[in-house]
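Quick notes on the structure that follows.
The values are calculated or read from the model by the stated rules, or taken from the named source; none is laboratory data. Everything numeric here is computed off the predicted structure, so don't read it as measured data. Methodologically, a virtual Cβ is constructed for each residue, glycine included, from the backbone with ideal geometry; neighbour enumeration extends over all protein chains shown.
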Amino acid sequence: MVQMDEKSIKIGWRAPSNIALIKYWGKRANQLPENGSLSITLENSSTTTYLSIRKKEKADGEIGMKYYFHGVQNQKFGKKIDQLLNLLQSEMPFLYDYKLVFHSENNFPHSAGIASSASSMAAVALCLVSMEQIVTRRKLVKAEFFQRASVIARLGSGSASRSIFGGIVTWGTIASIEGSSDLYATPFPLHELSRLKHAGDIILIVNAREKKVSSSLGHAMMAAHPYREGRKNQANSNLNELTKAISEDNYHLIAKIAENEALSLHALLMTSSSGTILLQPNTLQIIEEIKKFRESTGLDIFFTIDAGPNVHLIYFENQREMVHQFVRDKLVCYCENGQWIDDKIGSGPKLLTPEIEF
Ligand code: PMV
């Protein structure tokens, strides 16, 4: 364990992004989800965060925090971290006794249209739980450590709760998944031969600019959405079917449900009071090309889309060469500046400061 008489302590975590196959859309108070969700944790798209803590000489009744992103103080994200720290006031009272400085970097292009809140909030949450262990000298067993990090990450950004674990991850109380909860995410076990263990994800960047609707606004719009109840039922039933399909390695069903979820998310956006359209003509072209290619080759590929115009093309590693050729031949032309990211299913967060035990 690190000695607390050291002047300043540095804690570092790298946390991955994730892409949901069952979309969390709509929330209740305290960042609790209206429906269960399921995602693939990514390997390459991640956020690295270092937290330096230094004990204040005198407590001043405030939580002192600075947040730097790629070396520059970042007001926008710093504000979100401030909100998170305020929520944690009573749960982590030691926050008042330290000066906190976060330094974060994303390893995916800054403006790639990939939501970074999941990986960023997950990295921040892991740093905070490590800090808690050090300053309270209360060591959690690993499973408890990650569960607590998932709870804290959820308070920052719902989807971040899933980025605490590798592989396939669910979040939300789901009758068929033992130990599942609305409070934290749970890793979903894959059997030895599951092809999803070797899932690849090609992220096709149709538009790299920030999306027009923040997910917070999107969740809020679900409260008065005419399809609100229908959506909850659809998502929970899709989630039940998908977990069965994954356990049975039923690729056709996995593809059908994932694509239905992506299109449903956008249908909900379009039919919300704001009439938001995030899909772009090139998004639809890519979808058409993927369907055509699948029909003509019989390859096990499918798409999913987040709350934006970019398309994730999911495939299995043994099809890598053909799929990459297809991307170069048919899809790159629809990507902004030909941009796409080669990613795959990942193993979860990594501690970057091994001298900090956890
Ligand atoms: O975690 P938030 O509040 O940014 O919401 C994420 C919502 C989606 O990305 C559209 C779906 C999901 O489950 O990740």
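The table that follows gives values for the structure above.
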quantity	calculated
Leading residue by the ranking (farthest from the ligand (Cβ to nearest atom)) among those in segment 29-51 that are more than 15 Å from the chain's Cα centre (by Cα) and at pLDDT 95 or above	Y50
Single unsatisfied condition, Q147 versus (1) in a helix (DSSP H, G or I); (2) outside the structural domain of C335 (by TED's automatic domain parsing); (3) modelled with pLDDT under 95	(3)
Residues of segment 245-259 satisfying the condition of being surrounded by fewer than 16 Cβ atoms within 10 Å (Cβ to Cβ) and touching a residue at least 12 places away in the same chain (Cβ under 8 Å)	S247, D249, L253
Count of segment 308-338 residues which are within 14 Å of G298 (Cα to Cα) and among the hydroxyl-bearing types (S, T, Y)	1
Top-ranked residue in segment 182-220 [being small (G, A, S) and more than 16 Å from the ligand (Cβ to nearest atom); ranked as surrounded by the most Cβ atoms within 10 Å (Cβ to Cβ)]	A199
Flag if N86 is surrounded by fewer than 18 Cβ atoms within 10 Å (Cβ to Cβ), touching a residue at least 40 places away in the same chain (Cβ under 8 Å), more than 16 Å from the ligand (Cβ to nearest atom) and of a type outside the set (D, E, K, R)	no
Residues located in segment 209-246, provided they are at pLDDT below 95, under 30 Å from V332 (Cα atoms) and either touching a His at 6+ places or on another chain (Cβ under 9 Å) or part of a helix (DSSP H, G or I) (or both)	S215, G218
Single condition R162 does not satisfy, out of (1) away from the ligand (no atom under 11 Å from the Cβ); (2) assigned to a helix (DSSP H, G or I)	(1)
Set W25, W13: member being crowded, with 24+ Cβ neighbours inside 10 Å and more than 16 Å from the ligand (Cβ to nearest atom)	W13
All strands (runs of 3 or more DSSP E) inside segment 295-351 with 3 or more residues being touching a residue at least 40 places away in the same chain (Cβ under 8 Å) and in contact with a Phe, Trp or Tyr (Cβ under 6 Å, 6 or more places away or on another chain)	311-316
Number of the exception - I152 against (1) in a loop (DSSP other than H, G, I, E, B); (2) within 16 Å of the ligand (Cβ to nearest atom); (3) under 17 Å from L351 (Cβ atoms)	(1)
So S119, is it within 24 Å of H312 (Cα to Cα), assigned by TED's automatic domain parsing to the domain that holds Q73 and within 23 Å of the chain's Cα centre (by Cα)	yes
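A quick yes/no check of all residues on (1) touching an Asp or Glu at 6+ places or on another chain (Cβ under 9 Å); (2) farther than 28 Å from D342 by Cβ; (3) buried (at least 20 other Cβ atoms within 10 Å of the Cβ):
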{"site": "S120", "(1), (2), (3)": "no, no, yes"}
{"site": "V124", "(1), (2), (3)": "no, no, yes"}
{"site": "V129", "(1), (2), (3)": "no, yes, yes"}
{"site": "V135", "(1), (2), (3)": "yes, yes, no"}
{"site": "K142", "(1), (2), (3)": "no, yes, no"}
